[in-house]
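**Student:** One structure, as structure tokens, below. Some questions next.
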Amino acid sequence: MRNSKQIKVGNVLVGGGAPVSVQSMCTTDTRDVDSTAAQIKSLVSSGCDIVRLAVLDEDAAYATGKIKNILPDVPIVADIHFDYRLALICADCGCDKIRINPGNIGSFERVRAVADKCGEKGIPIRIGVNGGSLEKEILAKYHHPTADALCESALGHIKLLEDCGFYDIAVSIKSSDVSLTYEAYNKLASLVPYPLHLGVTEAGTEYGGVVKNAIGIGALLLNGIGDTIRVSLTADPVREVKAGIEILKALGLRNGATMTSCPTCGRCKVDMIPIANEIASRLEKVDKDIHIAVMGCAVNGPGEAREADVGMACGDNCALIFRKGEILRKVPIESAADELFNEIDKF
């Protein structure tokens, strides 16, 4: 695992060996305090660790303070572009991190004002480089987004903060191209000590977007790179959180209930798809570090899933319930899911 500098976002540690955290961003108008607070609550209840809010004007900036009063324990990131004054307001309103690109907010004096305010308040800054919004001079040099172009942009923004004596930094360096994102993060990881916020930006709708993010984020995390993640989807942000958590669980980076289920085949005597979907849905409410197996073949099921803590293998209108590969009992298929969850409850 890459040994990065550690920052603190509210009550969540990022980098320096801390668990990889999951982030998302509200889709509400931040000025609508009640709606935004309600969406934050739904994100947190789904497992989100850090929530980002769009801050487009002064009303939105001051609204972040009202939201923090309602949800003081939720780490809130203010997402700001161009107007340094909004960053100052959000810092005073209690936001836990500022997302801003120092090179886009004007003079060095403005950068210093933000750095000084965040330093005074103990608030980290995330630099967010995006392949779709590189500086004109960098695009002129490289002609199109490349890993070198993304890294050069990131290093320029980082230098502005370091020149202000500010080092409480996180960095993201995203593209909608999975391979480019992977190459850029690998390159940047060797150049800077700061924690890295991973994601494949503008990845698309839920199905395709989850695939892109799982490949990009997963490959980087398997390579020991990455400290916090956001799965960007054109979907309800709760789906981003669920996908992020599943990515971390698949990599063994977060505990929780996981499920193995077979792809079904001609040996199946029941319709496995609705059964597996029902069990997966019910597992979302299980707060246990447990591995479940749902298999379609009563002959091979227990053996194929012997590493599971609890499982079921479907037969001809019946199912075998097993624990650690040992068959416990045969039950009617209609009650198999309930019987499985009875064993989960006992675990």
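**Student:** I'd like to verify a number: residues in segment 176-211 that are closer than 25 Å to residue 159 by Cα, of a type in the set (Gly, Ala, Ser) and open to solvent by 70 Å² or more (accessible area, probe 1.4 Å), how many?
**Tutor:** Number of matching residues: 1.
**Student:** Since residue 222 meets every condition but one in (1) more than 30 Å from residue 119 (Cα to Cα); (2) modelled with pLDDT under 95, which condition does it not meet?
**Tutor:** The one condition residue 222 does not meet is (2).
**Student:** What are the pairs with Cβ atoms under 9 angstrom where one residue, in segment 275-286, is farther than 14 Å from residue 339 by Cα and the other, located anywhere, is surrounded by 13 or more Cβ atoms within 10 Å (Cβ to Cβ) and aromatic (Phe, Trp, Tyr)? Sequence gap at least six, or different chains.
**Tutor:** Partner pairs satisfying both residue conditions: 286/341.
**Student:** When you go through (1) touching a Pro at 6+ places or on another chain (Cβ under 9 Å); (2) open to solvent by less than 60 Å² (accessible area, probe 1.4 Å) one by one for residue 139, which number turns out not to apply?
**Tutor:** (2)
**Student:** Can I ask one more? Suppose we filter segment 1-38 for residues that are open to solvent by less than 20 Å² (accessible area, probe 1.4 Å) and part of a strand (DSSP E or B); how many remain?
**Tutor:** So the count comes out to 7.
**Student:** Quick check, is residue 306 open to solvent by 40 Å² or more (accessible area, probe 1.4 Å) and closer than 23 Å to residue 12 by Cα?
**Tutor:** Taking the combined requirement at face value, the residue does not satisfy it.
**Student:** Write out, first by first residue and then by second, each pair whose Cβ atoms fall under 7 Å of each other, whose residues are 6+ apart or on separate chains, and whose first residue, in segment 185-196, is on the phi < 0 side of the Ramachandran plot and part of a helix (DSSP H, G or I) while the second is of a type in the set (D, E, K, R) and open to solvent by 40 Å² or more (accessible area, probe 1.4 Å).
**Tutor:** Hits for this filter: 189/2.
**Student:** If you don't mind, another one. For residue 148, indicate whether it is modelled with pLDDT of 95 or more and over 30 Å from residue 214 (Cβ atoms).
**Tutor:** no
**Student:** Also, quick follow-up: Based on this model, can you work out whether residue 214 counts as open to solvent by 20 Å² or more (accessible area, probe 1.4 Å), farther than 28 Å from residue 110 by Cβ and under 14 Å from the mean Cα position of the chain (by Cα)?
**Tutor:** yes
**Student:** If you don't mind, another one. In segment 165-175, is there at least one residue being open to solvent by 50 Å² or more (accessible area, probe 1.4 Å), in a helix (DSSP H, G or I) and aromatic (Phe, Trp, Tyr)?
**Tutor:** The answer is no, given that none of the residues of segment 165-175 is open to solvent by 50 Å² or more (accessible area, probe 1.4 Å), in a helix (DSSP H, G or I) and aromatic (Phe, Trp, Tyr).
**Student:** Collect the residues in segment 217-246 that are within 20 Å of residue 15 (Cβ to Cβ), open to solvent by 20 Å² or more (accessible area, probe 1.4 Å) and within 13 Å of the chain's Cα centre (by Cα), keeping them in residue-number order.
**Tutor:** 230, 245
Okay, residues lined up against (1) of a type in the set (D, E, K, R); (2) under 18 Å from residue 167 (Cα atoms); (3) touching a strand residue (DSSP E or B) at 6+ places or on another chain (Cβ under 7 Å):
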residue: 22; (1), (2), (3): no, no, yes
residue: 43; (1), (2), (3): no, no, yes
residue: 58; (1), (2), (3): yes, no, no
residue: 66; (1), (2), (3): yes, no, no
residue: 116; (1), (2), (3): yes, yes, no
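**Student:** Check 338, 289 and return the single one that is open to solvent by 40 Å² or more (accessible area, probe 1.4 Å), over 29 Å from residue 213 (Cβ atoms) and under 33 Å from the mean Cα position of the chain (by Cα).
**Tutor:** The conditions single out 338.
**Student:** So, one more: For segment 250-267, which residues satisfy the criterion of being open to solvent by less than 50 Å² (accessible area, probe 1.4 Å) and among the small types (Gly, Ala, Ser)?
**Tutor:** 256, 257
**Student:** If you don't mind, there's one more thing I want to ask. Would you point out which residue out of 314, 318 is over 30 Å from residue 26 (Cα atoms), modelled with pLDDT under 95 and open to solvent by 10 Å² or more (accessible area, probe 1.4 Å)?
**Tutor:** That would be 318, the only listed residue that is over 30 Å from residue 26 (Cα atoms), modelled with pLDDT under 95 and open to solvent by 10 Å² or more (accessible area, probe 1.4 Å).
**Student:** Follow-up. Would you mind finding the one in 123, 169 that is under 24 Å from residue 201 (Cα atoms) and of a type in the set (Val, Ile, Thr)?
**Tutor:** Matching residue, one of 123, 169: 169.
**Student:** Another one. Out of (1) within 23 Å of residue 326 (Cα to Cα); (2) touching a helix residue (DSSP H, G or I) at 6+ places or on another chain (Cβ under 9 Å); (3) surrounded by 16 or more Cβ atoms within 10 Å (Cβ to Cβ), the odd one out for residue 272 is which?
**Tutor:** (2)
The values are calculated or read from the model by the stated rules, or taken from the named source; none is laboratory data. Quick caveat, the model's predicted, so the values are computed rather than measured. Glycine also receives a Cβ, built like all others from the backbone with ideal geometry; neighbour counts cover every protein chain displayed. Note: areas computed on protein heavy atoms with side chains; ligands, DNA, RNA excluded. Shrake-Rupley method; radii C 1.70, N 1.55, O 1.52, S 1.80 Å.
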